[in-house]
Amino acid sequence: MRLKGKVILISGAGSGIGKSTSLLFAREGAIVIVNDLDDTNGRQTVKEISEFDGEATFIQADVTHVDSVKEMVEQIINQYGRIDVLFNNAGISGVGQLHEVDLDEWDKVMNVNIKGVFMLSKYVLHYMMESKSGSIINMSSCIAEIGLANRASYAASKGAVLALTKSMQVDYASYNIRINALLPGTILTPFVESYLKNSYDDPEKAIEGIKRRQLSGELGRPVDVANAALFLASDESKFMMGSPLYIDGGVVFGKDA
Ligand code: NAP
C-alpha cells in the first residue's frame, strides 16, 4: 500500500504503460483517475481495477483540448478535493526523417506529446500549489538522449518534455512539488506494435534489431515502466527532483562492443 489514499490522475491510461500503471497504482491503494481518448479502453482499465476492489474512475478527455482538460481537472477536484499525483503519460508516435514529415503530422505529435503535458500540468498545478504538495511524472523517452533513425518529430517532442520537466522543477520546488521524467527504452505495447507494422516491411526482423540495441537483449514490458512510476509517485522518491529516470534495458548508457 505504497500509495494509500493518494488521488492520482493518469493520462492515456486505456492502453500499454498507462493501463499497467493504473492497475499497479490501484493495487498499491491509490484512487486512480483513468483518462483516455478511447472510451472502451478506458472503461476496461477501470473494470479490471474493480475486479480486485481497487478504486478508479474513468474520464474521457483529449489532453490537447483546453476545455476538456479544464473540465476533467474540475471534476476530480469536485469529487476528491485534490490531485496528489499527475502522470502525464498520453503520447503518440511520429515516424519519418525531418524532410519527410508533413506539417500536420508535426503539429499533431507536438500537440499530444508536449502541449498535452503543458496543459494538464498547468491546470493541475494550481491545486498542487494551493496544497503545497504533489508529484508530477512526465513521460519522456530515451530518444531524448540518443539519436534514433526516422523519429524526428517524436524525438523533438520527447526532448522538449525532458527540458520542460527540469524547468518546471525549479519553478515549483518551493511549493513542495516534485517533477520528474521517465525515459523508457522500447517497451512492447500497442503503440510499438503499430509503429513497427507501419515502419518496417518485416516487423519481426525489426524487433530482433531493437533487442540487440538494448543490453537486456529483450524489449521492456509495460510493468517495468509502471514500477518506476510507482517509485516516483510514492514518498520514497522525495529526494528526487527534476530527474530523468531511465528504464531502457541499457540502451542509453551501455555499449557491448
Ligand atoms: P499506447 O499503448 O498507445 O497508449 C497511449 C494511450 O494514450 C492510448 O490509450 C491513447 O489512446 C492515449 N492517447 C493518445 N492521445 C491522447 C490524447 N490526446 N488524450 C488522451 N489520451 C490520448 O502507448 P504506450 O507505449 O503505452 O506509451 C505511453 C507513453 O509512453 C507515450 O507518451 C509514449 O510516447 C511513451 N513511451 C513509450 C515507449 C514504448 O516503447 N512503448 C517508449 C518510450 C516512451 P488511443 O489509443 O485512442 O490513441
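Structure above, values below:
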| item | result |
| --- | --- |
| Value of Rg to Rh for the chain (Rh from inverse mean 1/r over Cα pairs, i.e. Kirkwood) | 0.95 |
| Anchor LYS19: lysines whose Cα lies under 25 Å away (excluding residues fewer than 8 positions away in-chain) | LYS4, LYS6, LYS47, LYS70, LYS108, LYS115, LYS122, LYS158, LYS197, LYS211, LYS238 |
| Environment charge at LEU120 (Cβ cut-off 14 Å; Lys +1, Arg +1, Asp -1, Glu -1) | -2 |
| Helical contribution to [θ] at 222 nm, DSSP H n ≥ 4, -39,500 (n - 2.57), averaged over the chain, rounded to 500 | -14500 deg cm²/dmol |
| The stretch 190-257 - Debye-derived log10 I(q)/I(0), Cα point model, q = 0.15, 0.22 Å⁻¹ | -0.64, -1.01 |
| Radius 13 Å from Cβ of ALA173, net charge of other residues (Lys, Arg +1; Asp, Glu -1) | +3 |
| Charge sum, other residues only, whose C-beta stays under 9 Å from THR45's C-beta, Lys/Arg counted +1 and Asp/Glu -1 | +1 |
| Residue order, fewest to most beta carbons within 10 Å, for ARG82, ARG151 | ARG82, ARG151 |
| Rg to Rh, two decimals, where the stretch 84-207 supplies the alpha carbon set and Rh follows Kirkwood | 1.03 |
| Percent RCO, i.e. relative contact order, over the stretch 123-176, from Cα pairs under 8 Å lying at least 6 residues apart | 46 percent |
| Residue of SER167, SER157, SER243 that the Gaussian network model of the chain assigns the largest fluctuation, springs spanning Cα pairs under 10 Å | SER167 |
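All of the numbers you see were taken from the coordinates with simple rules; none came from a lab. All values derive from a computational prediction rather than experimental measurement. In this analysis, Cβ positions are derived from the backbone assuming ideal geometry, glycine residues included, and neighbour counts consider all displayed protein chains.
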